[in-house]
Amino acid sequence: MHVTMIGTGYVGLVSGACFADFGHTVTCVDKDAGKIERLRAGGIPIYEPGLDVLVAQNVKAGRLFFDTEAAEAVKKADAVFIAVGTPSRRGDGHADLSYVYAAAEEIADLLDGFTVIVTKSTVPVGTGDEIERIVKARRPDAQFAVVSNPEFLREGAAIEDFKRPDRVVVGMEDERARPVMTELYRPLFLNETPILFTGRRTSELIKYAANAFLAMKITFINEIADLCEAVGADVQHVARGIGLDKRIGGKFLHAGPGYGGSCFPKDTLALVRTASDAGAPVRLIETTVQVNDARKKAMASKVSEAVPGELAGKTVGVLGLTFKPNTDDMRDAPSLDIIPALQAMGAKVQAFDPEGVHEARNMLQDVVFKEDSYEAAAGADALVIITEWDQFRALDLDRVKDVMRTPVLVDLRNIYRPDDVRGRGFKYASIGRS
């Protein structure tokens, strides 16, 4: 099949490369000429494990193309995916759909023959209806169907998630779209992947509900972690004890500094706004948003409490800046709240991240960026682990202690055993463990 992907951001590029690897012919379109030139030259604008190889293989095979112009790609396409950004709108928290609607207008002008227009971007309930209205208004003669096909990709594991998903959700109001969408995802039939066909508005809500539930699960265990600290319990044992219940499950029950990234913060906020406008407020999600925002800011106090004396004038080393490992994504990362709060207390900050420094330079002020973990620890009065990159899991703690001014380790991801660290002469603080 011929597929056109409007947008070469995280979702568009990963989805386009994976569809090409399924055997479809895919053209990824983006107005950013520099990004397209880079992709044509073999460069990848985002960090995602395995994506560079996947793109190169499918470009070489003649199945994956990149262009700044959508005209020819849309005319030939069986399906055109809208995979543009939907950031939180400044001021009110609603999803900014201007890029989605602009893409719909462009697609409408280029349609030639029956085409399925697919929203891959995360959009509020009713967006598909508006896309349909826009296309009909611009092209009353056009033959098309608008489908919702939300993505459920985890950054750092996106290729695996696309090729071996838990489910594929397809929301439609026009039966003509069913055979097209079925054929697009036919390679997944071998894995017996569940494909849920449902209404378009239902599909749009499934995406928001899924992300909101996971965000709520993270926030729940973070609040339990605070309670564990207060009463002398161990949050990791609590998480395991409840996670073994199959009704609950152990995933996303990892206490830490709060959730961040490109999805959970904006999607929970958008769901709150949508629900409020519909007169059906989602109180649990409202509280989740509030608690998570407060938690990220509160982590600086945990660092301050672990350091002897005042924090002012002291140096804090930070390991990990991205919102999670195996990505260079800094959007709403906890580090963006924690580091400025430490600086406001008078601390000097030096930091290292394996992939996030380039983005971090544009988002953090007065931070000294280091080349590795031990440089970040050198001369520090405290070392803080914010992101659980694999290379931080087995540090040479004796070496770390030797280079630090004061051996204080604040482990916001609970990747070390307290007795081991304290046995090496560190003052150690973690999340939800006495």
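The values are calculated or read from the model by the stated rules, or taken from the named source; none is laboratory data. Quick caveat: nothing in here was measured; it's all calculated off a predicted structure. Neighbour counts are summed over all protein chains in view; Cβ atoms, including those assigned to glycine, are modelled from backbone coordinates with ideal geometry. When the accessible area is computed, the model is the full protein with side chains, heavy atoms only, and any ligands, DNA or RNA have been set aside. Shrake-Rupley method; radii C 1.70, N 1.55, O 1.52, S 1.80 Å.
For the stretch 123-150, which residues satisfy the criterion of being among the basic types (K, R) and closer than 13 Å to E106 by Cα? Selection gives K136, R138, R139. With respect to the conditions (1) open to solvent by less than 10 Å² (accessible area, probe 1.4 Å); (2) free of Cβ contacts under 8 Å to residues at least 12 places away in the same chain; (3) hydrophobic (A, V, I, L, M, F, W, C), A41 lacks only one, and its number is (1). Test G91 against the criterion of being over 27 Å from D112 (Cα atoms), modelled with pLDDT under 95 and in contact with a helix residue (DSSP H, G or I) (Cβ under 9 Å, 6 or more places away or on another chain), and give yes or no. No; evaluated as a whole, the condition is false for this residue. Every test in (1) part of a loop (DSSP other than H, G, I, E, B); (2) farther than 15 Å from V410 by Cβ; (3) at pLDDT 95 or above is passed by E375 save one, and that test is (1).
Consider R273 carefully, then state whether it is of a type outside the set (D, E), touching a residue at least 40 places away in the same chain (Cβ under 8 Å), in a helix (DSSP H, G or I) and open to solvent by 70 Å² or more (accessible area, probe 1.4 Å). Judged against the criteria, R273 is a match. Within the stretch 367-399, being aromatic (F, W, Y) and closer than 21 Å to K427 by Cβ holds for Y374, F392. On inspection, F197 passes the criterion of being crowded, with 16+ Cβ neighbours inside 10 Å, among the aromatic types (F, W, Y) and not in a helix (DSSP H, G or I). Assess whether E155 counts as being in contact (Cβ under 8 Å) with a residue 24 or more places away in the chain and either in contact with a helix residue (DSSP H, G or I) (Cβ under 8 Å, 6 or more places away or on another chain) or in a helix (DSSP H, G or I) (or both). Taking the combined requirement at face value, the residue satisfies it. Residue pairs whose Cβ atoms lie under 7 Å apart, separated by 6 or more positions or on different chains, with the first residue in the stretch 301-323 and within 22 Å of D226 (Cα to Cα) and of a type in the set (S, T, Y) and the second buried (at least 20 other Cβ atoms within 10 Å of the Cβ) and modelled with pLDDT of 95 or more, are S304/L311.
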